[in-house]
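One structure is given here, and the rest of the page talks about it.
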Amino acid sequence: MKYYPVFWDIADKKCVVVGGGEVAARKVKRLLNCGAKVSVVSPELHPELAALNKDQQISHIPFEYENKHIHGAALVIGATDDEKTNLLISRDARDKGIAVNIVDDPQKCDFILPSIVERGDLVIAISTGGNSPAFARHLREELESRYGVEYEIFLRILGSLRLLMTKNAGVGKSWFDSLLSSGILELIRKKDWEEVKKTVREITGKEVEIDIV
């Protein structure tokens, strides 16, 4: 099966995770990081989920799964260890036209979740089409060692220049190429912030502020 790659804005959308264990906790944290309104359906909660519930970051439905629990959801993730429950979640979601993911069971999914490398707003998603999560994890670890925090800072610099670069498309492309070949990533890696600012100024004529992480 070919999956259509997409980055989905789920901020303020209802997302339901069925299951209260460690795997569910990982899925919930990712959804919260994207601004989703998360409901967790499970009689019991992993300590991380219990803490999120106590802080009112999630809504907890302390019962076994029922069809009504996913009403109005934008997406549903099934993270239980019960195959019959996961099958029911998948069928219910598809009947309602809700995108569904069942952990470790691509046949019951409308979408699968990639392995991700994050550096601020830079997100690199890796998928093997469900064929080998272990290989996806291996590639993620390889990319994590290749792309450090300097890429996050460089992307923020580009973001601050974006409007000016867009208005001057031809010049903007030249600026980008010049910045990339200037050694600015190495300067950021060395935390030579004055030289970073000087490099940007010489190439674009613009002063930039650098948020150091």
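Simple spin-label estimate for E83 and D121 gives 4.6 nm between the two label positions (7 Å along the Cα-to-Cβ direction from each Cα). For R119, neighbours were defined as the other residues whose beta-carbon sits under 12 Å from its Cβ, and their charges (Lys and Arg +1, Asp and Glu -1) total -3. Restricting attention to segment 149-204, lysine pairs at least eight places apart or on different chains and with alpha-carbon atoms under 22 angstrom apart total 4.
Of the chymotrypsin sites (Phe, Trp or Tyr not before Pro) found in segment 1-55, those that fall in a DSSP loop while having at most 13 other beta-carbon atoms within 10 Å are F7, W8. For segment 43-119, GluC sites (Glu not before Pro) are listed when DSSP marks them as loop and at most 15 other Cβ atoms sit within 10 Å of their Cβ; the list is E44, E64, E66.
If you take the Cα centroid of segment 128-204 and the Cα centroid of segment 1-70, the two points sit 32 Å apart. In plain terms, the chain from S132 to R30 could stretch by 34.6 nm, reckoned as 0.36 nm per residue minus the Cα-Cα distance.
With a threshold of 21 Å on the Cα-Cα distance, the over-threshold entries among K29/K68; K14/K84; K2/K27; K2/K108; K27/K108; K27/K54 are K29/K68; K14/K84; K2/K27. Per-residue extension of 0.36 nm, minus the Cα-Cα distance of D110 and S59, leaves a gain of 16.0 nm for this segment. Charge tally around V41: other residues with Cβ under 13 Å, Lys/Arg +1 each, Asp/Glu -1 each, net -2. Note on segment 14-113: Rg/Rh from C-alpha atoms, Kirkwood Rh, equals 0.92. For the chain, the dipole from Cβ point charges (+1 on Lys and Arg, -1 on Asp and Glu) about the Cα centre works out to 600 debye, to the nearest 20.
By the rule of a C-alpha distance below 19 Å, with chain neighbours fewer than 8 residues away ignored, the aspartates and glutamates paired with K206 are D177, D192, E194, E195. Over the residues of the chain, the helix contribution to mean residue ellipticity at 222 nm works out to -14000 deg cm²/dmol, using -39500 (n - 2.57) for each DSSP H run of at least 4.
For segment 1-98, applying the loop criterion from DSSP together with a ceiling of 13 other beta carbons within 10 Å to the trypsin sites (Lys or Arg not before Pro) yields K2. Measuring nothing but how far apart in sequence close Cα pairs (under 8 Å, 6+ apart) lie, relative to its length, segment 149-204 scores a relative contact order of 38 percent.
Laboratory data are not the source of any read-out in this text; all were calculated from the coordinates shown. Only a predicted model underlies this, so the values are computations on that prediction, with no experimental measurement involved. All Cβ positions, glycine included, derive from the backbone under ideal geometry; neighbour counts span all protein chains shown.
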